[in-house]
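What follows is a single structure, written as structure tokens, with notes after it.
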Amino acid sequence: MAKSRKRLARRTRPRSKGKSRFKVSGVRDEAKRNWIRSKACCVSGARPGESVLWPWTRWGRQRPAVIVAAHAKARGAGGTDAELVPLERALHEEQHRIGARSFERKYAYHLRGETLREVAAAYDAAWRAAQAGAGP
């Protein structure tokens with residue numbers, strides 16, 4: 001009996017070759033991530049380094065806005081660099097805490113009724129246009 005259980009466990013366990021099976025793309029475009037971080041937050045409109053006072057800051061203090069490149073994906077896989085949006089660090093943490101869909105519902109007014117993926121597609125198109133104009 002124990003032998004058959006071992007055999008069953010061996011067959012059902014996914015085989016790993018040292019790589020994550022959820023990895024979508026091994027390519028990270030740091031230039032695009034830095035470009036996203038230089039933009040204003042797509043929810044609050046705060047620019048990088050700008051002094052902001054938001055209800056989710058600790059004790060309501062004014063702090064400089066730290067913009068991060070957040071993925072607009074709803075799964076745990078993270079997504080590709082084509083689905084990046086600029087968010088303040090506190091908002092990015094909230095997105096992870098409550099989930100992408102709940103985040104979109106909560107901040108629908110600030111996102112002008114668009115989903116995070118639609119906003120990410122607009123940023124991706126702007127990035128591609130900027131690269132096409134800057135290229136030789």
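Condition check: crowded, with 20+ Cβ neighbours inside 10 Å and of a type in the set (Phe, Trp, Tyr). Does residue 123 satisfy that?
Values: crowded, with 20+ Cβ neighbours inside 10 Å: yes; of a type in the set (Phe, Trp, Tyr): yes.
Yes; evaluated as a whole, the condition is true for this residue.
Contact list please: Cβ distance under 9 Å, first residue in the range 85-100 and at negative phi, second residue buried (at least 20 other Cβ atoms within 10 Å of the Cβ) and among the aromatic types (Phe, Trp, Tyr), pairs at least six apart or on different chains.
Short answer, once both residue conditions are applied: 85/123; 86/123; 91/103; 94/103; 95/103; 96/103; 97/103.
Among the residues of the range 103-120, write down those that are loosely packed, with under 11 Cβ neighbours inside 10 Å and of a type in the set (Phe, Trp, Tyr).
109
List pairs: first residue in the range 32-55 and under 13 Å from residue 126 (Cβ atoms) and among the β-branched types (Val, Ile, Thr), second residue assigned to a loop (DSSP other than H, G, I, E, B) and at pLDDT below 85 anywhere in the structure, Cβ distance under 8 angstrom, at least six positions apart or on different chains.
From the range 32-55, no pairs qualify.
Would you check if residue 71 is in contact with an Asp or Glu (Cβ under 6 Å, 6 or more places away or on another chain), of a type outside the set (Ser, Thr, Tyr) and at pLDDT 85 or above?
Working: in contact with an Asp or Glu (Cβ under 6 Å, 6 or more places away or on another chain): yes; of a type outside the set (Ser, Thr, Tyr): yes; at pLDDT 85 or above: yes.
Yes.
Anything in the range 80-102 that is of a type in the set (D, E, K, R) and surrounded by fewer than 19 Cβ atoms within 10 Å (Cβ to Cβ)? List them, or say none.
Across the range 80-102, the qualifying residues are 89, 93, 94, 97, 101.
The values are calculated or read from the model by the stated rules, or taken from the named source; none is laboratory data. What you see is a predicted model, and the numbers here were worked out from it, not measured in a lab. Counting neighbours? That spans all protein chains shown, and the Cβs are built from the backbone with ideal geometry, glycine included.
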